[in-house]
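Report on one structure; see the data block that follows.
The values are calculated or read from the model by the stated rules, or taken from the named source; none is laboratory data. Since we're looking at a predicted model, the values are computed, not measured. With ideal geometry, Cβ positions are generated from the backbone for all residues, glycine too; neighbour counts draw on all protein chains shown.
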Amino acid sequence: MPESTQVAHYPAPTRVAAPVCSVCIANYNGAALLEDCLSSVFSQHGEIGIEVIVHDDASADNSVALLRAKYPRVEVLASRENVGFCISNNRMVELARGEYILLFNNDAALFPDAIVTLLQAARLQESAGILTLPQYDWESGNLVDRGCLLDPFLNPVPNKDTDRRDVGMVMGACLWIPKGLWVELGGFPEWFGSIAEDLYLSCRARLAGHPVRALGVSGYRHRVGASFGGGKARSSKLITTFRRRALSERNKTFVMALTYPTSALWVCFTLHLFLLAFEGLLLTLLRLDRRYMTQIYAPVFVALVRQRKLLRRHRKEIRTNRRISARDFFSTFQLQPYKLTMLLRHGLPTVGHKNENVEP
């Protein structure tokens, strides 16, 4: 557990004796979102012992006061400083007592049978793995994905195939994992901060021989992009933020450096870096705004140089525990770059600082 100087711990007055599932919700300025989220958790069907842990990441709103006043069944970790999504979840899972962990976004709501569906599927698995449920858009109710496939540059490609279960990654908005497997994999890399930590964990699990699967039933509704700014198309235009895009490009590059089989790493990684530089230059010229290069793309190369020793050491550890072939690793990939698909469909993304509800 973190020291008391870092986080205030408000345990629930009556704790579940032996929870089967620990629902862990990272919160930052989400007071307006928490009621829908928590109501969906406490309304779950089935006689399942569930504990709920919320990590508040130094919110500027009344999130902690709201949780303590209205939700006495929730265990609250109130961080005194903003630490990001990775540390928030690592802290909660360290505290969690359940056999299974459900990482869940504060801007989402579970279907009533979600946890019992996940539990039944988990207990039928021959090998412990990561699971998720179908994701539906909060406003329209349309299916967003059943997990994601990946393109060669680790961009998530929404899977809508009703017959496909094995996927490349599971979104951290609804990620189910046995606690024992979380410990085995080492949780989220805290130096990622936020964004792509779910991609990292999914790739690492698959390399170690653990399935990553999306179920075809039940589900959850999600206000996509509400908790971190951007991340979805609105009115047929891609909307994102400088901060989100910068973290995404940097951390996807980290995941590639850490997890790609050596046989594919040098070709894909070299091409990936070339395309990042080209993309940054092109957007800078087209938008007449050098922030694209200085705030999104150039920092990727700086981070690679600064973190090279850590990346090299961490990659060696991951390769030591590798249990599948390169062919199996890439079995959940598609060849066509997803950025190209989105560019042809929506045009250049709109990137800005306004209305960024993100962690500082």
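Only one residue in Leu102, Leu131, Leu77 is in contact (Cβ under 8 Å) with a residue 24 or more places away in the chain, farther than 19 Å from Arg15 by Cβ, touching a strand residue (DSSP E or B) at 6+ places or on another chain (Cβ under 6 Å) and of a type in the set (A, V, I, L, M), so which one is that?
The unique qualifying residue is Leu131.
Of the residues in region 42-62, how many are of a type outside the set (A, V, I, L, M) and farther than 23 Å from Cys21 by Cα?
3
Is it true that Leu344 is without any contact (Cβ under 8 Å) to a residue 40 or more places away in the chain and under 24 Å from the mean Cα position of the chain (by Cα)?
No: the conditions fail for Leu344.
Looking at (1) more than 19 Å from Thr350 (Cβ to Cβ); (2) surrounded by 14 or more Cβ atoms within 10 Å (Cβ to Cβ); (3) of a type in the set (Asp, Glu), find the lone condition where Glu249 falls short.
Among (1) more than 19 Å from Thr350 (Cβ to Cβ); (2) surrounded by 14 or more Cβ atoms within 10 Å (Cβ to Cβ); (3) of a type in the set (Asp, Glu), Glu249 violates only (1).
Here's a check for you: in region 214-247, which residue that is over 28 Å from Leu38 (Cα atoms) and among the hydroxyl-bearing types (Ser, Thr, Tyr) is modelled with the highest pLDDT?
Ser236
Can you confirm whether region 300-309 contains a residue that is closer than 30 Å to Gly129 by Cβ, surrounded by 13 or more Cβ atoms within 10 Å (Cβ to Cβ) and touching a Pro at 6+ places or on another chain (Cβ under 9 Å)?
Taking every residue of region 300-309 in turn, none turns out to be closer than 30 Å to Gly129 by Cβ, surrounded by 13 or more Cβ atoms within 10 Å (Cβ to Cβ) and touching a Pro at 6+ places or on another chain (Cβ under 9 Å).
Could you give every pair whose Cβ atoms fall below 6 Å, whose first residue belongs to region 188-206 and is in contact (Cβ under 8 Å) with a residue 24 or more places away in the chain, and whose second residue is acidic (Asp, Glu) and buried (at least 24 other Cβ atoms within 10 Å of the Cβ), counting only separations of at least 6 or pairs across chains?
Qualifying pairs under 6 Å: Phe188/Glu197.
Looking only at region 47-101, which residues are among the hydroxyl-bearing types (Ser, Thr, Tyr) and more than 20 Å from Leu33 (Cβ to Cβ)?
Scanning region 47-101 gives a single hit, Tyr100.
Residues are listed down the side, and each one gets a yes or a no for (1) in contact (Cβ under 8 Å) with a residue 60 or more places away in the chain; (2) under 14 Å from Phe242 (Cα atoms); (3) part of a helix (DSSP H, G or I); (4) not assigned by TED's automatic domain parsing to the domain that holds Glu197:
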{"position": "Ala257", "(1), (2), (3), (4)": "no, no, yes, yes"}
{"position": "Phe274", "(1), (2), (3), (4)": "no, no, yes, yes"}
{"position": "Leu281", "(1), (2), (3), (4)": "no, no, yes, yes"}
{"position": "Leu285", "(1), (2), (3), (4)": "no, no, yes, yes"}
{"position": "Asp289", "(1), (2), (3), (4)": "no, yes, no, yes"}
{"position": "Met293", "(1), (2), (3), (4)": "no, yes, yes, yes"}
{"position": "Val300", "(1), (2), (3), (4)": "no, yes, yes, yes"}
{"position": "Leu304", "(1), (2), (3), (4)": "no, no, yes, yes"}
{"position": "Leu310", "(1), (2), (3), (4)": "yes, no, yes, yes"}
